[in-house]
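Below: one structure, written as structure tokens.
The values are calculated or read from the model by the stated rules, or taken from the named source; none is laboratory data. Since the model is a prediction, treat every value here as computed from it, not as a measurement. A quick note on method: Cβ atoms are made from the backbone with ideal geometry, for glycine too, and the neighbour counts reach across all protein chains shown.
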Amino acid sequence: MSSLSGNSGYGGQRGPSGQIGNTKTPSGYRSGQTAQFTPEQMQLFQQSFGQVSPDSYTSRLAGGDQSLFEEMEAPAKKQFAGLQGNIASRFSGQGMGGRRSSGFQNTMSSASQDFASQLQSQRQGLQRQAIQDLRGMTSDLLGQRPYQQWMTKKREKQGIDWKGLAGAGVGAVGGFFAGGPAGAMTGASMGYGIGEFGE
């Protein structure tokens, strides 16, 4: 009996009409699959797909989710607002025109630009790293083989060897007359072989 075997990734289930995955089982063969993961390993494997789902933290970062970035940047923005207050207080101490001076305007503008530039740089770095992480995790998951698919040739049904049986009958009768029961056995064996050879 010959067999063909191969590996299947996650979800490589045996489909209807003798199919494995998207491949139809050839006529004369039977197919199936064997689990290669323990139940615990399979549970962890299935849970890992949540880490690369569209709603996952990594996927949202990779896609540049604005709401996620705003949530992450909220503490930094609060800290920057405090810095702006300190700058304003410093210029207010210089007199009534301190906060209307060009120095104050330039200082606030420069601080805002630096802060915005830092946020943008951080966003790009986080997004770039998330894309790399997502690709790596996806590749690892798709490389797993929780099932092994197999395909085996079906056993052919053996027909009745009428010629061999006929030869055995004739040999048994002749052998019985020649040597009794022992001769019948010998004659049947010889007769079956002659009948089979004559096919």
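Filter the stretch 22-49 for residues that are among the charged types (D, E, K, R) and closer than 17 Å to residue 154 by Cβ; which is modelled with the lowest pLDDT? Across the stretch 22-49, the extreme among qualifying residues is 24. Against the list (1) among the polar types (S, T, N, Q); (2) closer than 30 Å to residue 56 by Cα; (3) at pLDDT 90 or above, the condition residue 113 fails is (2). Please find, within the stretch 122-180, the residue that is farthest from the chain's Cα centre (by Cα) out of those that are modelled with pLDDT of 75 or more and in a loop (DSSP other than H, G, I, E, B). The extreme case among them is 155. Listed conditions (1) exposed (fewer than 12 other Cβ atoms within 10 Å of the Cβ); (2) touching a residue at least 40 places away in the same chain (Cβ under 8 Å) are all met by residue 53, apart from (2).
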